[in-house]
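See structure below.
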There are 2 protein chains.
Amino acid sequence: MSLNFTHDPARRSWVDSANLPDADFPLQNLPFGVFRTSGNPTRRLGVAIGDRILDLRAAAAAGLLPEPVIPASQHPSLNALLALGAPAWSAVRARLSELLDAASPVAELRQRVETCLVPMRSATLLLPAHIGDYTDFYASIHHATNVGSMLRPENPLLPNYKWVPIGYHGRGSSIVASGAAIRRPHGQLKPADAPAPVFAPCKNLDYELEIGAFVGPGNALGERLPLSAAPQHLFGIVLLNDWSARDIQTWEYQPLGPFLSKNFASTISPWVVTLEALAPFRVPAMPRPASDPAPLPYLVDHYDATHGGLDLTLEVWLLTAKMRLAGDTPHRISRGKFTEMYWTLGQLLAHHASNGCNLSPGDLLGSGTVSGTARDTRGCLLEYTWRGTDPLRLPNGEERKFLADGDEVILRGYAERPGARRIGLGECRGLIMPAG
Amino acid sequence: MSLNFTHDPARRSWVDSANLPDADFPLQNLPFGVFRTSGNPTRRLGVAIGDRILDLRAAAAAGLLPEPVIPASQHPSLNALLALGAPAWSAVRARLSELLDAASPVAELRQRVETCLVPMRSATLLLPAHIGDYTDFYASIHHATNVGSMLRPENPLLPNYKWVPIGYHGRGSSIVASGAAIRRPHGQLKPADAPAPVFAPCKNLDYELEIGAFVGPGNALGERLPLSAAPQHLFGIVLLNDWSARDIQTWEYQPLGPFLSKNFASTISPWVVTLEALAPFRVPAMPRPASDPAPLPYLVDHYDATHGGLDLTLEVWLLTAKMRLAGDTPHRISRGKFTEMYWTLGQLLAHHASNGCNLSPGDLLGSGTVSGTARDTRGCLLEYTWRGTDPLRLPNGEERKFLADGDEVILRGYAERPGARRIGLGECRGLIMPAG
């Protein structure tokens, strides 16, 4: 994915809020989402620009979109656009980039675009796609090592980890958009010293900081997707909070993996930031220590090795009920880098389809918890508090081993480097409600 | 679910083929499916009667269906009917039972019904529903014990088994209807004595004999479904073959469970046999040995304990390429009973929703492999051949440790008892194609 005019950091938009230095959605981003407004309850596609949404349905009606994407722009989810593939994604992004550029459009054209803009604060942001299948991976070797250390101190990393991009199926139905309240789940809890489990509200509720990737055209059942084709099949990314009930998980997960400990809810950020917008932040895949095995050939590709990483900074913030009452701002718990993932998004995709499993437009691939080695780079409380043995201490004196009712978890992410325009992922928020 | 006139074994249909003693689809069954014909490629709902399909779209147009189900009868999948709930399911089944009864309809009405009948052999049977989420359980204690014995001889059954209806998420996209060819998957294989895995076609390809249950109305996210409500939310069942690549599974499944070893394909039978049709075969749940713990209260309900079991006989048949060439008939490998499951379908449903996970119309719950203790009641080759150590011997001299290319696996199921009309589940077929 080469750089083109849409990435030029010198370009500015005539939507002023897009030009603020810390804007998540400058002219160089143009992420896609789905929204509705109180004035118009139709679910429809939009593109974020500063603090505005460009309504794609309206833009199509105003004759502003490239012909091939007009039918897809009428759908209530991104799936039809995802199915069109990378050339169509590029075409619509290039057209919107021109239309919103402070330098380019003639006054009449700009007026037509203005009629399609909606203030983001007046919109409800919805799930961007119908997620047919959701798969969650485990691609951070630091996360796998930390969690493994708690369960199997003598043998933290299992023998398959450096060969297999470990993943498992998640639940599609309970994925919600940022802002949806998260009810603390009930489940079977069995402390190690108890003779029997009890059915009760989860005590050890946790977040997991992840990146989610939306699949484009995909493959037919029985066919594989080579790693070299990954850029044609990965549309864009969101922040993903894979809420986890650690006490339910400990008791249920053998031998078939996590189930009720995960499927009560997962939250994603509403704006899908395209991999094209992130092209200036593509970096080599994480270098493997010389002692690690080389990946098997189906997981090796020159472009992926040199450009498969993404230089993203990912943060977790917490706002407790007490902080909210006091008018405090959220507290940042952690800040980590997506460059430290052991497997690239392309490798996750190619592995998933390597047995002929059919991937479809709108499928969501979760990266797994993004963690580094230092404490303040760990992407979940299980790791940050080391299973609750070393609690999180907040500036107001509160402590957390795990999440309390009334806590709001806010994930943020962005890409920044000299010579490129900052690209933000927006926010992924979820507030914990008491068990029902 | 009480018995009514639709269960009366003395009733016969004017569709003669429905009255044969071994018919799967007599007047007392009336399973639902989706089909198309070469003459009319519209995907549409149908109900099986003998060797005919009653076209529900045509029946609605002919004024033959109860008013409340007419909109749902126009859909290309069962999902809208599943969403209507048990009273609507009963109403349409009762109406069709009357219309197809040899004794009841007047000539004019019968002629109208006849115009809606399609020969089943001229139809292509499709997936009966859009399966949003597919969950596979592990509810046979004999299967869990057998598989555990191979992996952990000292400790075959994990401590959670008798408390937790163990389940995990499966892949919805790769579920196919009976008759679809199954391509042998590639994957990472690592024999225990090899220093590294290789990427190659699966060698140890297996079937798994299961029952799949389709969910009806379901629950909203954050709400639970009490076990007592299960009959309102379980529409009907199909045969399910959860194809499994055992060598891929062994290497990949730690720590998050099976993934590529399962998601290359799962096959279901096309006719959804309603739990109402199976009411005469409801039996008490499997009696638990006195030494086993009682289930936690959310998994206990009087009706479920006394009627939660289903007296089904389930069979696996095999037709190899050599047998096909010789004109041989399929060979029956196993015949087991669904009454020996440790958890009822209702318990699987209630457990799934016990954390507030939202179940939706068209979701599919797999029972897990149905196995007994005797060799010829084991529902997969892994157990039948005890990991290949004791091969299956076929009458023509062929042997199988696992499936060979050209093998066709045929699942069959039925309910039979004195005083009730036999109810069949039909067939679930899949032919193994060489790796691509």
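Computed from the coordinates by the stated procedures, all read-outs in this text should not be read as laboratory data. Source: prediction; values computed, not measured. No Cβ is skipped: glycine too gets one built from the backbone with ideal geometry, and neighbour counts run over all protein chains shown.
What the table shows:
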item: Across the identical copies, how the B:A103 labels are spaced - nm, sorted shortest first, 7 Å along Cα→Cβ; result: 8.7
item: For the range B:57-173, with +1 on Lys and Arg beta carbons and -1 on Asp and Glu, the positive-most of B:V113, B:P153, B:A139 along the dipole; result: B:P153
item: Relative exposure of A:H143, B:H233, judged by other C-beta atoms within 10 Å (fewest first); result: B:H233, A:H143
item: Residue of B:G327, B:G406, B:G426 that the Gaussian network model of chain B assigns the largest fluctuation, springs spanning Cα pairs under 10 Å; result: B:G327
item: C-alpha center-to-center spacing [the range A:159-195, the range B:170-221] in angstrom; result: 21 Å
item: Between the range B:51-109 and the range B:322-398, the Cα center-to-center distance that results, in Å; result: 32 Å
item: Closest approach to the B/A rotation axis among chain B Cβ atoms, residue and whole-Å value; result: B:G257, 1
item: FRET efficiency estimate (nearest 0.05) - Cβ-Cβ, A:Q232 to B:S149, R0 45 angstrom; result: 0.45
item: Test item: Cα-centred dipole of the range A:291-436, Lys/Arg +1 and Asp/Glu -1 on Cβ, debye; result: 400 debye
item: Neighbour-count order for B:S140, B:S228, fewest beta carbons within 10 angstrom listed first; result: B:S228, B:S140
item: Residue-span extension gain [A:T306 to A:V198] - 0.36 nm each, minus C-alpha spacing; result: 33.8 nm
item: For A:W243, residues with placed amide H under 5 Å, excluding near neighbours; result: A:E208, A:T267
item: At R0 = 22 Å, FRET efficiency that the Cβ-Cβ distance of A:R121 and A:D328 yields, to 0.05; result: 0.50
item: Whole-number percent relative contact order across the range B:215-295, with pairs defined as alpha carbons under 8 Å at least 6 apart; result: 28 percent
item: Over the protein assembly as shown: helical MRE at 222 nm, DSSP H runs n ≥ 4 each giving -39500 (n - 2.57), nearest 500; result: -5000 deg cm²/dmol
item: Estimated FRET transfer efficiency when R0 is 41 angstrom, pair B:S17-B:A290 (beta carbons, to 0.05); result: 0.30
item: Ascending list, in nanometres, of distances separating the B:D22 label from those of the other copies (7 Å, Cα toward Cβ); result: 7.7
item: Paramagnetic label zone (point 7 Å from Cα along Cα-to-C-beta, B:Q254; backbone N under 17 Å) in the range A:223-261; result: A:253-258
item: Pairwise label distance in nanometres, A:A94 with A:M433, each label 7 Å out on the Cα-Cβ vector; result: 4.6 nm
item: Net lengthening on full extension, A:A180/A:R335 (0.36 nm per residue, minus Cα-Cα); result: 53.5 nm
item: Extension reserve of the B:A321-B:R43 stretch, reckoned as 0.36 nm per residue once the Cα distance is removed; result: 96.9 nm
item: GNM flexibility winner over chain A from A:G222, A:G39, A:G236 (Cα, springs under 10 Å); result: A:G39
item: Neighbour-count order for A:S354, B:S266, B:S291, fewest beta carbons within 10 angstrom listed first; result: B:S291, A:S354, B:S266
item: Other copies of B:P159: label-to-label distances in nm, shortest first, labels 7 Å along the beta-carbon direction; result: 2.6
item: Estimated inter-spin distance, A:E399 and A:W386, nm [label 7 Å along Cα→Cβ]; result: 1.5 nm
item: Residue-averaged beta-carbon neighbours from other chains (10 angstrom radius) around B:181-192; result: 4
item: Residue among B:R57, B:R152, B:R378 with the largest mean-square fluctuation in a Gaussian network model of chain B, springs linking Cα atoms under 10 Å; result: B:R152
item: Relative contact order (%) - criterion: Cα under 8 Å, at least six apart; region: chain B; result: 21 percent
item: Distance between modelled label sites at A:A107 and B:A61, nm, 7 Å Cα→Cβ extension; result: 5.9 nm
item: Total charge dipole magnitude, the range A:186-322, about the Cα centre, Cβ charges on Lys, Arg, Asp, Glu only, Debye to nearest 20; result: 240 debye
item: Rel. contact order, % - alpha carbon contacts under 8 angstrom, at least six apart, the range A:37-113; result: 25 percent
